[in-house]
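Here is the structure we will look at, set down as structure tokens.
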Amino acid sequence: MWFSAPLAAQDAAPAAPMPTAEREADLLRQLREAESPQAAERVAGELRGLWSRSGSAAIDLLLRRGQDALEQGRPEEAAEHFTAAIDWAPDFAEPYVGRASAFYLTGRAGPAIDDLRQALVLNPDDWEALQGFAAILDEVGRPADALEVWRRVHDMHPQNPEAAAAVSRLAAETEGQTL
């Protein structure tokens, strides 16, 4: 019978894990409210871990291989791994972010922007994709647009030193300009 466990045992049972969407929302809130860079980095790491799981061991392996190739300075190889992950899981945002980095490192800003856009369609809360987009906007001479995106990153992740520095620099640079 469904009620056969003693009441005390039911109360002592561990809580069920929080559903992924709920956990993500909670972590995003914690990131916005983090009171120190260390606390923010811990939460950011949890979010990265959550976002790096596709639900498929094979796709996760392709993602990890792409990330490893990027870390080892092999962006062309990384792009191949990320492309394979995208081919098999086109609704998984992280391979797009990784491939955008690989494209950027090989001088292909246009395809990098396309991949960042797709990643943000799939995961609008990915501040790292937004950072990449902001950096490219800044690099191509669109400081007001870059500032707008960096402000969004800063709102999501106030302890992010890159975002704070970029907002400060770009706000000073664009002061007095019509936006």
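The values are calculated or read from the model by the stated rules, or taken from the named source; none is laboratory data. Keep in mind that what you see is a predicted model, and the values were worked out from it rather than measured. Here the Cβ positions follow ideal geometry from the backbone for every residue, glycine too, while neighbour counts run over all protein chains shown.
Assorted remarks:
- Residue list for region 21-55, filter: surrounded by fewer than 12 Cβ atoms within 10 Å (Cβ to Cβ) and closer than 18 Å to Glu94 by Cα: Ala21, Gly45, Gly49, Gly55
- Restricting Thr83, Thr174, Thr106 to those that are modelled with pLDDT under 95 and of a type in the set (Ser, Thr, Tyr) reduces the list to Thr174.
- Scanning region 25-39 for residues that are assigned to a helix (DSSP H, G or I) and out of contact with any helix residue (DSSP H, G or I) (no Cβ under 6 Å at 6 or more places or on another chain) turns up Ala25, Asp26, Leu28, Arg29, Arg32, Glu33, Pro37, Gln38, Ala39.
- Boolean, Pro95 is part of a loop (DSSP other than H, G, I, E, B), at negative phi and either in contact with a strand residue (DSSP E or B) (Cβ under 6 Å, 6 or more places away or on another chain) or in the same structural domain as Ile113 (by TED's automatic domain parsing) (or both): no
- Candidates Arg117, Arg152 - the one that is of a type in the set (Lys, Arg), assigned by TED's automatic domain parsing to the domain that holds Leu61, out of contact with any strand residue (DSSP E or B) (no Cβ under 8 Å at 6 or more places or on another chain) and in a helix (DSSP H, G or I): Arg117
- Applying the condition of being in a helix (DSSP H, G or I) and in contact (Cβ under 8 Å) with a residue 12 or more places away in the chain to region 136-147 and asking which residue is farthest from Ala100 (Cα to Cα) yields Ala144.
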